[in-house]
Protein chains: 2
Amino acid sequence: MHSSSPQGFLVHHGRAGIKDARPDFAVIASEVYAATSAVFTRSRFAGPSVQISREAVADRIARGVVVLSGNANVATGAGGRQDAEEIRRQVAEAIGADPNDVLIASTGLIGHRYPMPLVRRHVASLRWPFPGADFDAAAIAIMTTDTQPKIRRARCGGATLVGIAKGVGMMEPDMATLLTFFCTDAEVGPVVLDDIFRRVMDRTFNALSIDTDTSTSDTAAVFANGLAGPVDLMEFERTLGAIALDLVKDIARDGEGATKLIEVRVTGARDVAQAKRVAKAVVNSPLVKTAVHGADPNWGRVAMAVGKCQDDLDIAPERVTIGFGGQEVYPGSPGPEELARVAEHLKQAEVGLRVDLGAGPHSAAEFTAYGCDLTEGYVRLNADYST
Amino acid sequence: MHSSSPQGFLVHHGRAGIKDARPDFAVIASEVYAATSAVFTRSRFAGPSVQISREAVADRIARGVVVLSGNANVATGAGGRQDAEEIRRQVAEAIGADPNDVLIASTGLIGHRYPMPLVRRHVASLRWPFPGADFDAAAIAIMTTDTQPKIRRARCGGATLVGIAKGVGMMEPDMATLLTFFCTDAEVGPVVLDDIFRRVMDRTFNALSIDTDTSTSDTAAVFANGLAGPVDLMEFERTLGAIALDLVKDIARDGEGATKLIEVRVTGARDVAQAKRVAKAVVNSPLVKTAVHGADPNWGRVAMAVGKCQDDLDIAPERVTIGFGGQEVYPGSPGPEELARVAEHLKQAEVGLRVDLGAGPHSAAEFTAYGCDLTEGYVRLNADYST
């Protein structure tokens, strides 16, 4: 077992034949019941995986999750739901769990049934306990168009946390990202875990936007099996938040066609919701994204994007401040030297935009959103994906 | 005077030196007072042109509009407002109008003051009455990154309508497009004209989305000076709607980097607002836009985009139908022959997507949205624009 993995979690990873020759099937399971929290896409086209998993976590207890990659099992009708239930039941049987204690997640093409004979054969080969806990291999098995596996580990008191994530396109997670799973042997009660997880997701994965599209399959879950005993809960939340944010940045950097990570920090807002709305408007603007790509210090586009929050009638241009990196560009007219400094900052791999709404210190709420630049690579990749 | 121009309108067009060597200054003016209606961007960063014009049309009467292109006069502070008022005052003087009966519109770079000495010199050269009514030249003078001027003419009874428009990027008009102006010698009362214009705009320019970004300067106005006498109002609304829609399609075809016009027709909705929300979600999805660009019959992305309307809890995948051109692709699994037919349709210059929400005939509201594909050309153009 990997030395820095949480106790009592085992990982299966393999090739069921859904995708091609690459790994496409993973099971992450706790040997004992784990407190579990999960958030999902709110898409009206959410597939059976999301529906089944939503039911499975309702009691905040689970044993683990099975992940299929390359096929989203979405828009597949009643047959697709039966397929998902069959796979989940067989995996649960293999690990000695009640089916309703196993989540299922899938991403990939929409509108195609699983190749069930292949999947059945693969599931039948599962032997419990799994021989190891290779989370690195799991992070690879859940990839689709990712160019890099995404995995982060941390310690919290005597406990260990590990998080994996996948997803580089079709991503403006609204309640979750495409797929991300956290396992820990910390002992955290299910209700507290749920509170912590939702707060952490809101500041991390829900702050991420690659291309404004929201997947039908977004799933984020945390499993805490308690084998390492109790931990300081504030430290636990900080640690979980830190690895979640690292994963978010990994995802933004690996955004389809992306060459730069963009962080948009909005301060001086009336409330967090307003700060988030403005930060998302900026990070999602194709004109801001292309300007960052071209290292063009076109700060007017940031002003334009802030202006898109049309119902925020308390946003007044004369109170707004806009900066790139450490350089303020609005109000006032940046001279050639300032613009050159901004252009230099825009050439970095991590670009920081700052917008202060000037609401005053008494209501200085803030939010930071994460995204990436829009490139010709994004267009190339997505103009020829499926068929 | 151009034979198919409405009576009593005169046009000035010229080069003030705002842009470069291209025409960048136009005045469209009626010899007599005209019933006037206008709609504007709702951007919080709307500039003084929009603010001043909004005040000017409050009484639904005006003489005309002055248009500067190449500089948006946005985020320019109190000085920018003074500049706009000075220009408007001098133009009004030149045509013998009250300043408050002249609208002003500008588009182009944000955050830069007008080159006032150049503009003043140009305005001082205006001689009234203008020597002609060359709307074609006006359509050219208001262009920025447009590759084609956009102008449409129509007859309505004894009256003539002409409409010009500009704008190919930073466009998801919310209440108007970047710039579009309609002139007619039909006699239509100002209140009726306002009602008609808002209805027409809602089904045409507000149905257009190039890249989800909303300009700080969107302005659409109609001037009806009555010189040709009364017209049938239903025919007038149909005619105005038809030329507005033609201009919308011209704009979408000329979208930055665009190679295809996309029409998304949503039927079977609960109400028009829902149909519009879904149509916009589809036409704005970068994954749908890139799929159309690549002629990839990836209908799952349309399902994904429909699913993004998360608060429309009455949208149920099992009632939704999706088609490309005449070919239904969902529900059911399109075979290779159907997919080939879809791919063929996607290679056309005009692509039609159809989504039926299955609300039933008793509430079969519909809306059609217009947009364009997302291409590497869009990224190239916008990664290097301003500075």
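The values are calculated or read from the model by the stated rules, or taken from the named source; none is laboratory data. Keep in mind that this is a model prediction, so the values were computed, not measured. Because the Cβ atoms are built from the backbone with ideal geometry, glycine has one as well, and the counts that use them run over all protein chains shown. Heads up: the accessible areas ignore ligands, DNA and RNA and are worked out on the full protein's heavy atoms, side chains in. Shrake-Rupley method; radii C 1.70, N 1.55, O 1.52, S 1.80 Å.
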Legend entry - Inter-copy spacing of B:ALA316 label points, which lie 7 Å from Cα along Cα→Cβ, given in nm from shortest upward: 5.0
Inset, instruction - Report the net charge of residues surrounding A:GLY229, where surrounding means a beta-carbon distance below 9 angstrom and charges are Lys +1, Arg +1, Asp -1, Glu -1. - result: -2
Inset, instruction - In whole Hz, with x marking every Gly and Pro, tabulate ³J(HN,Hα) for the stretch B:266-277 from phi via Karplus 6.51 cos²θ - 1.76 cosθ + 1.60, θ = phi - 60°. - result: 10, 10, x, 8, 5, 8, 5, 4, 5, 4, 5, 4
Legend entry - Rg [Å, one decimal], Dmax [Å, integer] - the protein assembly as shown, C-alpha atoms: 28.4, 91
Inset, instruction - Kindly state, to the nearest 0.05, the FRET efficiency for A:GLN82 paired with B:ARG319, given R0 = 25 Å and r defined as their beta-carbon distance. - result: 0.80
Legend entry - With DNA, RNA and ligands ignored, accessible area of A:GLU338 (1.4 Å probe; Å², nearest 10): 60
Inset, instruction - Work out, in µm²/s and without decimals, the Stokes-Einstein translational diffusion coefficient of the stretch A:9-254 at 4 °C, 1.567 mPa s, Rh from Kirkwood over C-alpha pairs. - result: 75
Legend entry - Net charge of Cβ neighbours under 10 Å - reference A:LEU261; Lys, Arg +1; Asp, Glu -1: -2
Inset, instruction - May I ask what percent, to the nearest 5, of DSSP beta bridges between residues of the stretch B:261-384 are antiparallel? - result: 65
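Do any of A:LYS276/B:LYS150; B:LYS150/B:LYS276; A:LYS166/B:LYS308 go past 27 Å between their Cα atoms, and which?
Correct reply: A:LYS276/B:LYS150.
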Inset, instruction - Provide the per-residue ³J(HN,Hα) series for the stretch A:331-342, in order, calculated from phi with Karplus coefficients 6.51, -1.76, 1.60 and θ = phi - 60°, each as a whole number of Hz, with x at glycine and proline positions. - result: x, x, 10, x, x, x, 5, 4, 4, 5, 5, 5
Legend entry - Distant-in-sequence amide H partners of B:PHE223 (H built 1.01 Å from N, under 5 Å): B:PHE182, B:CYS183, B:THR184
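If I take R0 = 30 Å and measure r between the Cβ atoms of A:ARG203 and A:ARG15 in this structure, what FRET efficiency does the formula 1/(1 + (r/R0)^6) give, to the nearest 0.05?
Calculated value: 0.25.
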Legend entry - Mean Cα-pair separation over length for chain B, i.e. relative contact order, pairs under 8 Å, 6 or more apart, %: 17
Inset, instruction - Assuming R0 = 41 Å, can you tell me the calculated FRET efficiency for the pair A:VAL32 and A:ARG113, based on Cβ-Cβ distance, to the nearest 0.05? - result: 0.75
Inset, instruction - With both partners inside the stretch A:1-152, how many of the DSSP beta bridges are antiparallel, as a percent to the nearest 5? - result: 60
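Mind pulling up the Rg/Rh value for the stretch A:261-384? Radius of gyration and Kirkwood radius, both on Cα. Working shown, then result.
Working: Rg = 14.3 Å, Rh = 14.6 Å.
Rg/Rh: 0.98.
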Legend entry - With all protein chains modelled, accessible area of A:THR147 [1.4 Å, Å²]: 100
Inset, instruction - Return the long-range amide H neighbours of B:TYR330 (sequence gap of 5 or more, or a different chain), with a cut-off of under 5 Å between placed amide H atoms. - result: B:ILE322
Inset, instruction - Per DSSP H run of n ≥ 4, the term is -39500 (n - 2.57); total these for chain B, divide by its residue number, and report the mean residue ellipticity at 222 nm rounded to 500 deg cm²/dmol. - result: -10000 deg cm²/dmol
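Based on DSSP, what percent of beta bridges with both residues in the protein assembly as shown are antiparallel, to the nearest 5?
The antiparallel proportion sits near 65 percent.
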Legend entry - Hz values of 3J(HN,Hα) by residue in the stretch A:98-109 - Karplus curve (6.51, -1.76, 1.60), Gly and Pro given as x: 6, x, 6, 9, 10, 8, 9, 9, 8, 9, x, 4
Inset, instruction - Would you mind counting up the charge near A:VAL66? Only other residues with Cβ under 11 Å from its Cβ, with Lys and Arg at +1 and Asp and Glu at -1. - result: +3
